Amino acid sequence: MSLSLRNLQRAVPLRRALLRQRLQAVRGALGVRAFDLGVVCVDNRKIQQMNRIYRDQDTPTDVLSFPFHEVTATHGLCHLLGFTHSTEAEWQKMYQKEKQVLQELNKHMGTRLQPLSRGLF
């Protein structure tokens with residue numbers, strides 16, 4: 001399936017073709033070629049911010065992973081419907097919509113899902 005790479009950092013030179021080749025080899029070795037994979041490379045400041053938001057750990061980390069499930073699907077569908085989070089006002093609207101949808105899912109599925117954009121602003 002697909003492999004998407006994004007480099008949002010400038011601290012470490014990144015050769016995308018080589019990284020793609022190695023990730024495909026690892027996927028093959030693990031037997032997970034049937035799954036889509038997205039890799040986003042960020043700097044320490046950004047990953048620390050994300051780690052604080054999603055794991056309540058205010059420190060940089062080497063990897064954060066987000067499996068595809070109801071939380072990411074809801075976030076993505078909100079984007080497809082035109083919601084964004086570039087400004088605090090836009091984020092508030094998107095956050096409220098994600099929260100509303102996930103609360104409904106939580107009620108029906110007995111889960112405790114939270115919006116991905118929680119704590120963004």
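Couple of notes before you dig in:
- Each residue in the stretch 100-121 was checked for being in a helix (DSSP H, G or I) and either open to solvent by less than 70 Å² (accessible area, probe 1.4 Å) or under 16 Å from Tyr54 (Cα atoms) (or both), and 4 of them qualify.
- Selection within the stretch 81-116 - closer than 24 Å to Val42 by Cα and of a type in the set (A, V, I, L, M, F, W, C): Phe83, Trp91, Met94, Leu116
- Selection count, the stretch 100-121, where residues are without any contact (Cβ under 8 Å) to a residue 40 or more places away in the chain and at negative phi: 12
- Residue within the stretch 73-91 that is of a type in the set (Phe, Trp, Tyr) and over 12 Å from the mean Cα position of the chain (by Cα) present: yes
The values are calculated or read from the model by the stated rules, or taken from the named source; none is laboratory data. Since this is a predicted model, take the numbers as computed values, not measurements. In this analysis, Cβ positions are derived from the backbone assuming ideal geometry, glycine residues included, and neighbour counts consider all displayed protein chains. For the accessible areas, the whole protein counts, side chains as well, though only heavy atoms, and no ligand, DNA or RNA atoms are used. Shrake-Rupley method; radii C 1.70, N 1.55, O 1.52, S 1.80 Å.
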